[in-house]
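Each value in this text was obtained by applying a stated rule to the coordinates, not by laboratory testing. Note that the structure is predicted; figures quoted are calculated from it, not measured. All Cβ positions, even for glycine, are placed from backbone atoms using ideal geometry, and neighbour counts span all protein chains on display.
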Amino acid sequence: MPKVALVETKPSRTNYKKEFDEEFEFDQYQLCSNPNLKKVLKRDCDIEIDIDAYDWIILVGSDALKYFTPLNSVTEYSGKKVEEKYLPVINPAMLAFKPEAQRTWDDSKQSITEYITGNKQDTIITEYNAWGIQDTAEANAFFQAAIDAPLGYIGLDSETTALWPRDGHMLGLSLSYEADRGAYIDTECLDEESERLLQELFDKKIVVFHNAKFDLAFFEYHFNFNFPRFEDTMLLHYLIDENPGTHGLKALAMKYTVYGDYEKGMYDWMAQYRKEHGILKNDFNWGDIPFDIMKLYAGMDAAVTFLLYEKFIKIKQNKRLCKVYENILIPGCRFLTDLQDNGVPFDAQRLLKGQLLMQEQIDEAIATLYRDPAIAQFEAINGKDFNPNSTMQLRQLLFDFLGLTPTGKKTGTGANSTDAEVLGELASQSKVPGLILSIRQKSKIKNTYLDKILPQLDRDSRLRTGFNLHTTTSGRLSSSGKLNMQQLPRDNPIVKGCIKAAPGHKIVAMDLTTAEVYVAAILAKDKALIEVFKSGGNFHSAIAHKVFKLPCDVSEVADLYSMQRQAAKAVTFGIMYGAGANKISEEVTKNSGTPFSKQDAQDVIDDYFKEFHMLKTWIEENKKFIMQNGFIYSFFGRKRRLPNVASTDKGIQSHSVRSGLNFLVQSAASDINLLGAIDMGAHIKAKGMKARIFALVHDSILAEVPDDEVDEYMVKLAEYVQMDRGLSIPGTPVGCDFEIIHQDYSGGKFEKMYGDQLS
């Protein structure tokens with residue numbers, strides 16, 4: 001029997017011998033012998049273990065994995081062999097708050113046992129599985145064989161020198177047309193006949209990508225290929241498991257195929273190459289990888305994509321999920337590929353001026369801070385300059401020296417927090433926290449946005465960034481890449497002001513209004529709430545008027561009964577997001593500036609549900625369904641799996657139920673917006689319009705539109721967004737607010753605030 005060690009982070013109550021059914025003997029170690037430490041850092045580790053004395057070492061949790069290997073994600077490698085003798089596994093302690101991880105824990109234990117008992121061996125990848133082609137005739141023969149292959153689908157992947165088509169080129173393409181085999185073809189050997197054969201292949205077969213949006217962009221930009229029919233194993237897996245962070249090709253290969261971490265050899269080579277040449281990880285050029293190294297990794301990418309498709313395609317048997325995939329995800333992928341290529345229009349000169357302007361403001365704020373007598377006194381006492389970026393110094397200044405009253409918010413280590421929220425609250429006690437907060441905010445705008453955007457602009461002064469279909473559980477889009485368009489600064493218009501349409505164009509923004517409440521009213525079949533929408537006018541005023549029986553016209557509510565309107569608004573949105581009386585009390589007090597007690601909030605909630613009792617019934621029915629089934633479907637067919645309703649922790653359980661209720665309205669409202677944008681994108685193509693949709697930001701659709709197309713664009717977009725897709729009130733479509741912004745996304749606020757400084 002092999003000699004085995006098990007390493008956990010610190011002493012725990014888990015009986016690992018029992019967990020592994022005493023199938024094998026092992027010695028048990030801890031990275032840190034102190035069981036009271038909340039977070040174990042490397043400096044806390046006092047483990048003494050002779051690695052060479054063991055055949056296998058089980059690593060429990062991410063801390064142990066990171067200590068012994070260069071890897072970070074224990075979830076990704078749980079139950080897999082790493083570096084000859086390490087067997088990572090998730091920490092079973094997480095099962096208390098993540099019951100959904102039980103299957104991973106059980107499967108990992110079984111896999112580890114099989115490795116140790118000799119019943120499991122790693123698959124050896126050979127040139128039968130993955131090979132390289134650098135000869136034109138051989139490449140063309142391979143493409144012809146793929147065309148003639150009996151199966152109606154192929155796996156396709158690309159290897160590139162950059163993440164964006166305009167920033168680099170395609171090194172090669174990987175193709176698989178039969179199980180367990182894939183070839184990597186160097187693009188240098190392709191000729192006109194190769195391109196003809198490839199287009200014939202793409203016309204005849206279903207082309208399966210993993211992350212199609214990425215590969216489509218490169219194939220279309222560099223080769224002008226068309227893909228009449230394509231599928232995406234990443235999006236298919238999103239239907240199987242909607243949780244973020246689970247859709248990477250390597251992770252899925254390790255989970256669903258026998259090939260495991262087939263990338264390891266290439267990444268080992270890269271690490272050694274970087275070390276020898278002094279190259280930082282982010283500066284490494286994939287073009288430096290030798291073909292003979294790349295071919296195995298790249299060929300397996302296509303082969304694994306092919307295998308995953310054969311496994312995942314079964315999800316289409318679920319009719320609801322199939323509709324989501326075919327009617328939303330695949331068209332959405334096509335639309336977002338085009339949207340990303342449109343790019344966000346920036347004014348480079350404004351960015352340059354914005355950098356200078358913001359630096360002046362930062363310098364002024366810093367000078368004001370250091371002129372404060374308190375800072376001079378603090379420096380004199382400590383015998384060194386004050387560094388506002390030092391959390392330790394800042395904590396000493398605010399709480400020890402100035403004697404400010406902490407807000408109660410703590411860091412993970414139990415210390416008083418000094419984050420933006422805390423500094424904002426402390427500003428009422430002293431001007432110093434406000435100055436530091438101002439410096440932080442302005443520095444973030446300059447460093448995170450203005451400084452980074454400018455060098456990433458393409459020659460046409462547009463920024464190509466990413467929008468994602470698969471990173472949220474609700475189905476709402478996210479943004480990532482060169483710029484997160486979902487997180488632009490709100491309080492300062494300088495970044496939005498640099499997003500500027502070309503001459504003769506306007507930026508047109510369309511916002512859905514109260515869409516989630518609209519969805520809830522329809523799903524709940526609440527006649528009273530539906531009637532509020534039918535009556536028109538200001539929605540929140542109408543709700544307040546109805547709930548509080550206000551003795552005035554609806555149009556007068558905002559002026560005469562602002563508190564009641566604020567309370568009605570807080571309850572409306574609070575109900576959609578599962579807020580209770582405490583939260584609503586806080587919201588109304590914060591936004592109105594007038595105390596609004598928990599009892600006041602509860603009274604409003606009770607009155608609200610008396611008026612809209614069908615909404616209450618609908619909420620309770622769905623809570624019951626979620627508790628009984630552990631999942632729920634949205635109107636358009638998305639599935640939200642909620643295994644934590646089985647948790648014995650009532651807080652975790654109730655959060656899971658609230659997540660399910662939020663999902664019902666968020667998902668449907670988001671899909672209404674996305675489907676409208678998809679249809680508008682198709683209309684623009686079909687009609688040859690010059691308008692370019694360049695971003696979807698929360699409930700907004702942003703486009704750069706020629707002056708002579710603005711009217712048509714707004715009419716058609718409203719038509720598509722408000723289209724009756726089975727979720728609408730007859731005669732009263734979901735609200736669309738259009739804003740024709742003169743030329744920049746700030747709506748002129750940029751020039752109004754800084755105009756005299758921009759000349």
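Cα centroid distance between the range 228-263 and the range 335-355, in Å?
31 Å
If we count every other residue with Cβ under 15 angstrom of R725's Cβ, Lys/Arg +1 and Asp/Glu -1, where does the sum land?
Surrounding charge for R725 is -2.
Based on the mean of other beta carbon atoms within 10 Å per residue, what is the order of 208-221, 279-292, 9-22, most packed first?
208-221, 9-22, 279-292
Nearest 500 deg cm²/dmol is fine: what mean residue ellipticity at 222 nm does the chain get from its DSSP H runs of n ≥ 4 alone, each adding -39,500 (n - 2.57), divided by its residue count? Intermediate results must be reported in sequence, preceding the final value.
Values: 31 runs with 358 residues, N = 759.
Result for the chain, helices only: -14500 deg cm²/dmol.
By the scheme Lys and Arg +1, Asp and Glu -1, what is the net charge of all other residues having a beta-carbon under 11 Å from that of Q456?
Around Q456, the surrounding residues sum to +2.
Assuming R0 = 45 Å, what is the FRET efficiency of D649 and N389, from their Cβ-Cβ distance, to the nearest 0.05?
With a Förster radius of 45 Å, E is 0.75.
State the answer as a single residue: which of A544, T75, F26 lies farthest towards the positive end of the charge dipole of the chain, with beta carbon charges of +1 for Lys and Arg and -1 for Asp and Glu, about the Cα centre.
Final value for the positive-end residue is A544.
Based on Cβ point charges of +1 for Lys and Arg and -1 for Asp and Glu, what charge dipole magnitude is obtained for the range 143-222 about its Cα centre, in debye rounded to the nearest 20?
Result for the range 143-222 is approximately 320 debye, rounded to the nearest 20.
In terms of modelled amide H atoms, which long-range or inter-chain residues lie less than 5 Å from the amide H of F694?
When sequence neighbours closer than 5 places are left aside, the close amide H contacts are L702, A703, E704.
For a test of the definition: using alpha carbon positions, the gyration tensor, and the 1.5 limit on a/c, classify the range 348-456 as rounded, prolate or oblate.
The shape class here is prolate.
In whole Å, how far is the Cα centre of the range 454-472 from that of the range 104-140?
Between the Cα centres of the range 454-472 and the range 104-140 lies a distance of 36 Å.
Could you grab the relative contact order for the range 4-116? Cα pairs under 8 Å, six or more apart, rounded to a whole percent.
Across the range 4-116, relative contact order equals 25 percent.
Once you've got the Cα coordinates, tell me which of K534/K569; K42/K384; K98/K639; K213/K275; K264/K316; K38/K639 are over 24 Å apart.
Table pairs above 24 Å Cα-Cα are K42/K384; K213/K275; K264/K316; K38/K639.
Which of the peptides 52-60, 234-242 is most tightly packed, and how do the rest follow, judged by the mean count of other Cβ atoms within 10 Å per residue?
234-242, 52-60
Working out 0.36 nm times the residue gap between N119 and Y67, then minus their Cα-Cα distance, what length gain in nm do you get to one decimal?
Working: separation 52, 0.36 × 52 = 18.72 nm, distance 2.77 nm.
The N119-Y67 span can extend by a further 16.0 nm.
Does anything in the range 129-149 have its amide N under 14 Å from the 7 Å Cα→Cβ label point of R196, and if so which residues?
Within reach of a label on R196: 140-141, 144.
In terms of modelled amide H atoms, which long-range or inter-chain residues lie less than 5 Å from the amide H of H505?
D707
If the cut-off is 17 Å between C-alpha atoms, which aspartates and glutamates fall inside it for K598, apart from same-chain ones fewer than 8 positions away?
Partners within reach: E586, E587, D606, D607.
So if I place +1 on the C-beta of Lys and Arg and -1 on the C-beta of Asp and Glu, and nothing else carries charge, what would the dipole magnitude of the range 348-456 be about its Cα centre? I want it in debye, nearest 20.
In total the dipole reaches around 340 debye.
I need the phi-derived Karplus couplings for the range 377-392: 6.51 cos²θ - 1.76 cosθ + 1.60, θ = phi - 60°, integer Hz, Gly and Pro marked x.
5, 4, 5, 5, 5, 8, x, 7, 5, 7, 10, x, 8, 8, 4, 5
Return a whole-number percent for the relative contact order of the range 348-456, with Cα pairs under 8 Å and 6 or more residues apart as the contact set. Present the calculation step by step, with values, prior to reporting the outcome.
Working: 79 pairs, mean separation 39.2, N = 109.
Answer for the range 348-456 is 36 percent.
For the chain, calculate the relative contact order in percent as a whole number, restricting contacts to Cα pairs under 8 Å that are 6 or more residues apart. Please report the intermediate quantities before stating the final value.
On the way: 1168 pairs, mean separation 87.8, N = 759.
Over the chain, the number comes to 12 percent.
Expressed as a whole number of Å, what is the distance separating the alpha-carbon centroids of the range 529-579 and the range 28-90?
Between the Cα centre of the range 28-90 and that of the range 529-579, the gap is 56 Å.
Which length gain, in nm to one decimal place, applies between S592 and Q396 when the Cα-Cα distance is subtracted from 0.36 nm times their residue separation? Please list the in-between numbers first.
Working: separation 196, 0.36 × 196 = 70.56 nm, distance 3.39 nm.
Answer, rounded to one decimal: 67.2 nm.
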